[in-house]
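Structure first, then comments.
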Amino acid sequence: MPRLPELTMETADPAVQEWMAGEEGALGTILNPTKLMGHRPPIAQAQEVLRQSIDESDQIEPQLRYLVYTFVAGRNGCPF
(Lines give C-alpha, C1' and ligand atoms only; values in the text may rest on other atoms or scores of the structure.)
Protein backbone atom coordinates (compact mmCIF):
# COMPACT_ATOMS: atom_id res chain seq x y z
CA MET A 1 0.00 0.00 0.00
CA PRO A 2 1.59 3.32 -1.05
CA ARG A 3 2.15 5.91 1.63
CA LEU A 4 1.10 8.73 -0.70
CA PRO A 5 -1.80 8.52 -3.12
CA GLU A 6 -0.92 9.29 -6.73
CA LEU A 7 -2.22 12.65 -7.86
CA THR A 8 -4.62 12.93 -10.75
CA MET A 9 -5.49 15.97 -12.82
CA GLU A 10 -8.50 16.47 -10.55
CA THR A 11 -6.62 16.22 -7.24
CA ALA A 12 -3.43 18.11 -8.17
CA ASP A 13 -2.63 21.74 -7.40
CA PRO A 14 -3.33 24.00 -10.44
CA ALA A 15 0.41 24.62 -10.99
CA VAL A 16 1.04 20.89 -10.98
CA GLN A 17 -1.94 20.28 -13.29
CA GLU A 18 -0.27 22.46 -15.91
CA TRP A 19 2.96 20.45 -15.61
CA MET A 20 1.00 17.17 -15.74
CA ALA A 21 -0.87 18.30 -18.87
CA GLY A 22 2.40 19.20 -20.59
CA GLU A 23 3.93 15.84 -19.69
CA GLU A 24 0.86 13.98 -20.90
CA GLY A 25 0.90 15.93 -24.16
CA ALA A 26 4.60 15.26 -24.74
CA LEU A 27 4.77 11.65 -23.54
CA GLY A 28 1.19 10.44 -23.83
CA THR A 29 1.07 9.69 -20.11
CA ILE A 30 1.79 11.25 -16.73
CA LEU A 31 4.85 9.64 -15.17
CA ASN A 32 4.59 8.12 -11.70
CA PRO A 33 7.27 10.40 -10.17
CA THR A 34 5.19 13.39 -11.27
CA LYS A 35 2.11 11.93 -9.60
CA LEU A 36 4.02 11.66 -6.35
CA MET A 37 6.31 14.71 -6.37
CA GLY A 38 3.33 16.85 -7.26
CA HIS A 39 2.33 16.70 -3.60
CA ARG A 40 5.13 19.23 -3.08
CA PRO A 41 5.18 21.60 -6.08
CA PRO A 42 8.52 23.24 -5.15
CA ILE A 43 10.19 19.81 -5.15
CA ALA A 44 8.55 18.90 -8.44
CA GLN A 45 9.72 22.16 -10.00
CA ALA A 46 13.26 21.68 -8.72
CA GLN A 47 13.37 18.17 -10.16
CA GLU A 48 12.21 19.48 -13.53
CA VAL A 49 14.86 22.23 -13.51
CA LEU A 50 17.52 19.62 -12.70
CA ARG A 51 16.33 17.40 -15.57
CA GLN A 52 16.36 20.31 -18.00
CA SER A 53 19.82 21.38 -16.84
CA ILE A 54 21.20 17.91 -17.47
CA ASP A 55 19.55 17.75 -20.91
CA GLU A 56 20.84 21.18 -21.91
CA SER A 57 24.33 20.92 -20.45
CA ASP A 58 25.83 19.15 -23.48
CA GLN A 59 28.21 17.38 -21.09
CA ILE A 60 26.88 14.03 -22.25
CA GLU A 61 26.30 13.25 -25.91
CA PRO A 62 22.57 12.82 -26.61
CA GLN A 63 22.98 9.21 -27.77
CA LEU A 64 24.90 8.30 -24.62
CA ARG A 65 22.44 10.19 -22.41
CA TYR A 66 19.53 8.12 -23.71
CA LEU A 67 21.54 4.94 -23.32
CA VAL A 68 22.14 5.91 -19.67
CA TYR A 69 18.42 6.69 -19.22
CA THR A 70 17.52 3.28 -20.62
CA PHE A 71 20.13 1.50 -18.48
CA VAL A 72 18.99 3.22 -15.27
CA ALA A 73 15.32 2.56 -16.07
CA GLY A 74 16.12 -1.11 -16.63
CA ARG A 75 18.01 -1.31 -13.35
CA ASN A 76 14.96 0.18 -11.63
CA GLY A 77 12.61 -2.34 -13.23
CA CYS A 78 11.02 0.07 -15.72
CA PRO A 79 10.37 -1.85 -18.94
CA PHE A 80 10.61 -0.20 -22.36
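Distance between the 7 Å Cα→Cβ label points at Q45 and D58: 2.8 nm. Summary of packing: across the peptides 19-29, 36-46, the per-residue average of other C-beta atoms within 10 Å ranks them, highest first, as 36-46, 19-29. Counting only protein chain heavy atoms and rolling a 1.4 Å probe, the accessible areas of D58, D13 rank, largest first, as D58, D13. Just round it to a whole percent: the fraction of Cα-Cα distances in the chain exceeding 19 Å. Across the chain, Cα pairs with separations above 19 Å total 47 percent. Taking a sphere under 11 Å around the Cβ of D55 and counting the other residues whose Cβ falls inside, with K and R at +1 and D and E at -1, yields a net charge of -1.
Surface composition of the chain: carbon and sulfur atoms hold 60% of the protein heavy-atom accessible area at a 1.4 Å probe.
Think of a 1.4 Å ball rolled over the protein heavy atoms: the chain then has 80 Å² of accessible area per residue. In a simple Cβ point-charge model (Lys, Arg +1; Asp, Glu -1; nothing else charged), the chain has a dipole of about 400 debye relative to its Cα centre. Sequence gap at least 6, Cα distance under 8 Å: using those rules, report the relative contact order of the chain to the nearest whole percent. Once normalised by length, the contact order is 23 percent.
The values are calculated or read from the model by the stated rules, or taken from the named source; none is laboratory data. Remember, predicted model here, so these are calculated numbers, not experimental data. Glycine gets a Cβ as well: all are built from the backbone with ideal geometry, and neighbour counts include every protein chain shown. Each accessible area value is taken on the protein alone, full model and side chains, heavy atoms only, with ligands, DNA and RNA left out. Shrake-Rupley method; radii C 1.70, N 1.55, O 1.52, S 1.80 Å.
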